Amino acid sequence: MDKKTISEFGIDGFTLMEIAGTRAADFVMSKIPSGTHGLFFCGKGNNGGDALVIARLLSQQDYKVTVCFISGTNDLSPDADKNLKLLQKLDTEIEFLNWKNFTPKEYDFVVDGMLGTGLNSEVRASYSDAINWINSQKNPVIALDIPTGLHADTGHVMGSAVQADYTLSFGALKTGFYLNEGFDTSGEVVLCDLSFPNKYKEPSAYLIDRDWVEANSQSPQQKKHKYDGGVLYIIAGSEGLTGAGILAAKSAWKTGLGAVILITPKGLLQIYEKQMIQIIKKPVGDNNDLYFKKSHFEQVLNILNEKSGKLLIGPGLGRQEETLQFTQKILQKFEGDSVIDADALFALSQLDNWKRPTSSNWILTPHPGELRNLLNADVSDDYKRIKATSKKANDEQLTILAKGMPSIVGTESGVPYLTGYDTRIFSRAGFGDVLAGKVGAYWLKFSSVEMACFHALLDGSEKAKQYYEANSGSLEPIDII
């Protein structure tokens, strides 16, 4: 985007640097009072040039400025060199240092302008030495564009990286902020927009943002009766695993859904009757059945066809051979829309070349281990995980909500969505069942597979935040329903 804006559109790099530095300086002044002393670490490239712009602007607003060049001032990029000359023209007293003769003093904040987004190898000395010194400080650290040492695409730390309190990202957010070590390295990320024409913007992913989601969600229509708009069917539970179905059903009901119908082996009915009086139960089989069997298929299919709705299948189903066969047959034969979770994902992964029925839509909700089995791919690295999730969702024309940090929503279009906030709770036992119930319910309320996932993730995360603001104890799945 930067290159095309300069070479094709005609806004020169020096102007873009001035805009970036001005917006960054405005942010610094909003957070740090004038009269304080800032230390600016500069590399040879344009990242250092950005820091020099900020240093110049702050020096005119009663900030004391020290500039330290890590590799000296020879061979600076043209725009960085021009900004150094402008800084030297000021009548303000500014201290210039080289890392080789750097003597620590008392500083109130540090600005990291050493290395930008072009880093593709491990950070070398003297940059790594400067990083270690910065990370030992207690005062605020502000990284420009990206923390030095963090890979802009993958979020991997390249040997060592600045631990930033704030990262001021110029022109666009970087996926590396939200993948692997990036989330815990970047601190609070602030977008400083630049004059890039929209035609040059080709996103690799989108962030799931509450304001955007609300603005793009259709308002749920008022229901005339409890079945108006459909119902959520839940196929869940087996002996010893009924809690998963209870959590999923309660979670779906709490969204305000008109009707939730739990389909259960008849031998488990009394457990659910005691726990969920508001949920409709449809038992199948006889009183001795404590898990789903292939013989239950026709009875279950008839229940699913009674009223229009969507299906959530998987929480607590268990992995008995008969249950796997039952689940696989439901997945292959049921032509309605389905959220596939937990043990149903395992059953799906045991099929060769699995495909969704042509007339149905699927949302898969795997945690990293389930995702690995489904995709038969290495997803231990977040960058690999986002690529594999996006490709599978696009190839199979379905939606994948891959739980983890970040959570990833792979879409039929192939462009994924990421959570820019902590969603690690959904990988813990029980929390995934709550999330699945929310996904199924919001799918009915908003009639959009993507919005179902977005609202479910946001609702769960916001309830977790509310809990921690009011309580000091451990968060339980029931707390985010």
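The values are calculated or read from the model by the stated rules, or taken from the named source; none is laboratory data. Small disclaimer: the values here were computed from a predicted structure and weren't measured. Here the Cβ positions follow ideal geometry from the backbone for every residue, glycine too, while neighbour counts run over all protein chains shown.
Results for (1) crowded, with 22+ Cβ neighbours inside 10 Å; (2) touching a Leu at 6+ places or on another chain (Cβ under 7 Å), shown as yes or no for each residue.
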residue	(1), (2)
SER427	no, no
VAL439	yes, yes
TYR442	yes, no
PHE454	yes, no
GLU469	no, no
SER472	no, no
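Test ILE425 against the stated conditions and say whether it is under 18 Å from the mean Cα position of the chain (by Cα), under 21 Å from ASN376 (Cβ atoms) and among the aliphatic types (A, V, I, L, M). Spelling it out, it is not the case that ILE425 is under 18 Å from the mean Cα position of the chain (by Cα), under 21 Å from ASN376 (Cβ atoms) and among the aliphatic types (A, V, I, L, M).
Determine if the range 108-120 includes at least one residue that is aromatic (Phe, Trp, Tyr), buried (at least 24 other Cβ atoms within 10 Å of the Cβ), touching a residue at least 60 places away in the same chain (Cβ under 8 Å) and part of a strand (DSSP E or B). No, there is no match, as no residue in the range 108-120 is aromatic (Phe, Trp, Tyr), buried (at least 24 other Cβ atoms within 10 Å of the Cβ), touching a residue at least 60 places away in the same chain (Cβ under 8 Å) and part of a strand (DSSP E or B). Evaluate the range 304-312: report whether one residue or more is more than 20 Å from VAL260 (Cα to Cα), modelled with pLDDT of 95 or more and in the same structural domain as SER407 (by TED's automatic domain parsing). Looking for residues that are more than 20 Å from VAL260 (Cα to Cα), modelled with pLDDT of 95 or more and in the same structural domain as SER407 (by TED's automatic domain parsing), one finds none in the range 304-312, hence no. Selection of first residues in the range 77-103 that are under 18 Å from LEU115 (Cα atoms) and of second residues that are of a type in the set (Lys, Arg), restricted to Cβ pairs under 9 Å at least 6 apart or on distinct chains, gives the following pairs, ordered by first then second residue: SER77/LYS44; ALA80/LYS44; ASN83/ARG56. Tallying residues that are touching an Asp or Glu at 6+ places or on another chain (Cβ under 6 Å) and either surrounded by 19 or more Cβ atoms within 10 Å (Cβ to Cβ) or of a type in the set (Val, Ile, Thr) (or both) within the range 347-404 yields 1. Of a type outside the set (A, V, I, L, M, F, W, C), within 23 Å of GLY245 (Cβ to Cβ) and free of Cβ contacts under 8 Å to residues at least 60 places away in the same chain - does that describe any residue in the range 433-450? Among the residues of the range 433-450, not one is of a type outside the set (A, V, I, L, M, F, W, C), within 23 Å of GLY245 (Cβ to Cβ) and free of Cβ contacts under 8 Å to residues at least 60 places away in the same chain, which makes the answer no.
Screening VAL409 against (1) touching a strand residue (DSSP E or B) at 6+ places or on another chain (Cβ under 8 Å); (2) surrounded by fewer than 24 Cβ atoms within 10 Å (Cβ to Cβ); (3) modelled with pLDDT of 95 or more leaves a single unmet condition, (2).
Here's the yes/no breakdown for (1) surrounded by 22 or more Cβ atoms within 10 Å (Cβ to Cβ); (2) assigned by TED's automatic domain parsing to the domain that holds LEU418; (3) modelled with pLDDT of 95 or more; (4) part of a helix (DSSP H, G or I):
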residue: SER217; (1), (2), (3), (4): no, yes, no, no
residue: LYS223; (1), (2), (3), (4): no, yes, no, no
residue: ASP228; (1), (2), (3), (4): no, yes, no, no
residue: PRO283; (1), (2), (3), (4): no, yes, yes, no
residue: ASP286; (1), (2), (3), (4): no, yes, yes, no
residue: TYR291; (1), (2), (3), (4): yes, yes, yes, no
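Close contacts from the range 1-12, counting a first residue that is within 11 Å of LYS201 (Cβ to Cβ) and a second that is of a type in the set (Val, Ile, Thr), with Cβ to Cβ under 8 Å and a gap of 6+ residues or different chains, come to THR5/ILE11.
With respect to the conditions (1) surrounded by fewer than 17 Cβ atoms within 10 Å (Cβ to Cβ); (2) part of a loop (DSSP other than H, G, I, E, B); (3) touching a Ser or Thr at 6+ places or on another chain (Cβ under 9 Å); (4) not aliphatic (A, V, I, L, M), THR15 falls short on a single one, namely (2). Checking the range 175-193 against the condition returns a match, with at least one residue being over 19 Å from the mean Cα position of the chain (by Cα), assigned by TED's automatic domain parsing to the domain that holds PRO147 and not in a strand (DSSP E or B).
Residues that are touching a residue at least 60 places away in the same chain (Cβ under 8 Å) and within 20 Å of the chain's Cα centre (by Cα) within the range 128-169 comprise ASP145, ASP153, THR154, GLY155, HIS156, TYR166, LEU168, listed in sequence order. Would you pick out the residues in the range 18-48 that are assigned to a helix (DSSP H, G or I) and of a type in the set (Lys, Arg)? Result: ARG23, LYS31.
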